[in-house]
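Data block below; observations after.
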Amino acid sequence: MANMADETQPLNFFERLDEQVLCTNVDKIPGLKNARIVYFDGKNLIEIRGHSPPSLASRRTVVISPTGVGDRHLNQEKKVGNDRDGRFLVELGGAALSCGAAFFSWVVVIGSGAAAPISGGTSAAVTVLAWSAAGATSLQCGNSVYRAFNETEYGDQAINDYLDSEQWYQSTTTALDVISVLGVVASAGATLRVVLNLKKASSKSFKEILKGLNRHERKRLTEEIIRSQNPGISNKTLKALVRSGAYPARYSQLILTQSLKLQLKDAVGAALSFSGSATTGVIRRVYVGVIEELETLDVRN
Amino acid sequence: MFMMKDQYPPALERLVDEVLAGERIILLPPGWLSFILSQLLLLVGCVVLGGSLINSFGTDAAVTEKVSWQIAVLLMYLMVVLLPGLLVTKGLPRAALWVRVVSICVVLLSGALLITSLLWEESTLSFKPLLLSTVTTTSALFLQHTSYYQLFVGFFWLKRHKSRP
């Protein structure tokens, strides 16, 4: 809630409220488009704008009320989205873990493909499991990124709530986890079998068998590619090409709750006329809040 | 563009010959990091772009509809990026070309939407998610143009080509 001004005559305050400007500015706030807007003066609840078609915003009501005019519950400060801040960090952590698992899964898939037996390919079953693991972990990564996005002000938090309540979703994510683990284990097992067979067939040590590309070999390969694409290139030019490169910048995370508060304050402030208070010297204080409906119950006597 | 079969460096061919002869095992072929990062960056970019579009143009849509659209985006990624990526590890360089075409399309789309959100004040598009999507997909496209990525594609192509009777 944002404290704005204190009005000793509630009805006069309501008369100064430009409803059209208020509705337009509230609609610009993410998550509050078409939300219900009401004014409460302590006795009367005046609906400025009614309910909209079923959506996330239709579950939320923006309440505007002068202070000290009745219901003490309106005086209690309630931070919008405070309980969702932790959810975003949890989802972000989950996304990092899922995408890390996807990275590792791809490493195993590539490794099993590269360390194939001399015959030229892995068995069909291992290939299917490895590909399934890469696909499952990638889908998990994408799903986690989506969930983190939904917890931001640009997403829809109701989607995550809906998914968490659906049994099919829980079952699907469990199945993806199982497929990922099976695939990674199968691929790693196939690679290990190849290495052990080669060790038995030759007198080489593990270190010699698993000798990958060292830095010198990588550099030589890169230079050969550049030379093949640029016939007659000089060594000086080649070194200059190798040294050049550029990377994108990183972007920081937004503080969501504070941003939402500021936008709501500005929306109401733009709809109010303070010319009267400036001339008379009366201090104005108005509470602005957002109430989200969790559940609607039918109570029958 | 990817190298033709006659343009692969001799060192790469010797490496593949050693692997096929059983004299050497390469657990992580050259360019593996570029390949994996390009796949995952493209995934993040597509997801953020899809989420931004869904929430911008589907504000009044029901939650179940938005869930369906998000799942559709993931399945589309599976078919047009992930599956071709897996085919690259089977030695099909045309699959890498397909991934590059898709990357270019996603970069152009997110870039165009980003510019639209900047120039058109009345648009419901969100600037920051589109910026993130443009940056990640452009980074993925950049990685696909590196020589390491080409080495990765070439390694598996040569391995498949030389292992055939």
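Data for the structure
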item	result
Estimated distance in nm for a label pair at A:Phe104 and B:Val101, the labels positioned 7 Å out from Cα along Cα-to-Cβ	3.6 nm
Using θ = phi - 60° and Karplus 6.51 cos²θ - 1.76 cosθ + 1.60, couplings along region B:83-93 (whole Hz; Gly, Pro as x)	5, x, x, 5, 5, 4, 6, 9, x, 10, x
Spatially near lysine pairs across chain B, Cα under 25 Å, sequence gap of 8 or more or different chains	6
Top positive-direction residue, dipole computed over chain B with Cβ charges, set B:Gln39, B:Phe57, B:Thr134	B:Gln39
Loop GluC sites (Glu not before Pro), region B:62-142, which have at most 14 other Cβ atoms in a 10 Å radius of their Cβ (DSSP)	B:Glu121, B:Glu122
Dipole magnitude of region B:5-163 about its Cα centre (Cβ charges: Lys, Arg +1; Asp, Glu -1), debye to nearest 20	520 debye
Taking B:Leu141, A:Leu139 and counting other C-beta atoms within 10 Å, the order from fewest to most	B:Leu141, A:Leu139
Built amide H within the under 5 Å cut-off of A:Arg60, gap 5+	A:Arg36, A:Glu293
Region B:5-163, Cα convex hull volume normalised per residue, Å³	105 Å³
Sorted by Cβ neighbour density within 10 Å, fewest at the top, the residues A:Leu129, B:Leu118	B:Leu118, A:Leu129
Residue order, fewest to most surrounding Cβ atoms within 10 angstrom, among B:Ile36, A:Ile179	A:Ile179, B:Ile36
Amide H partners (placed H, <5 Å) of A:Ile48, local residues excluded	A:Ile37, A:Val38, A:Tyr39
Estimated vicinal HN-Hα couplings, Hz - region B:61-70 in sequence order (Karplus 6.51, -1.76, 1.60; Gly, Pro = x)	6, 6, 4, 5, 5, 5, 4, 4, 5, 5
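Any read-out appearing in this document is the output of simple, stated calculations on the displayed coordinates, not a laboratory observation. These numbers were taken from a predicted model, which means no experiment stands behind them. With ideal geometry, Cβ positions are generated from the backbone for all residues, glycine too; neighbour counts draw on all protein chains shown.
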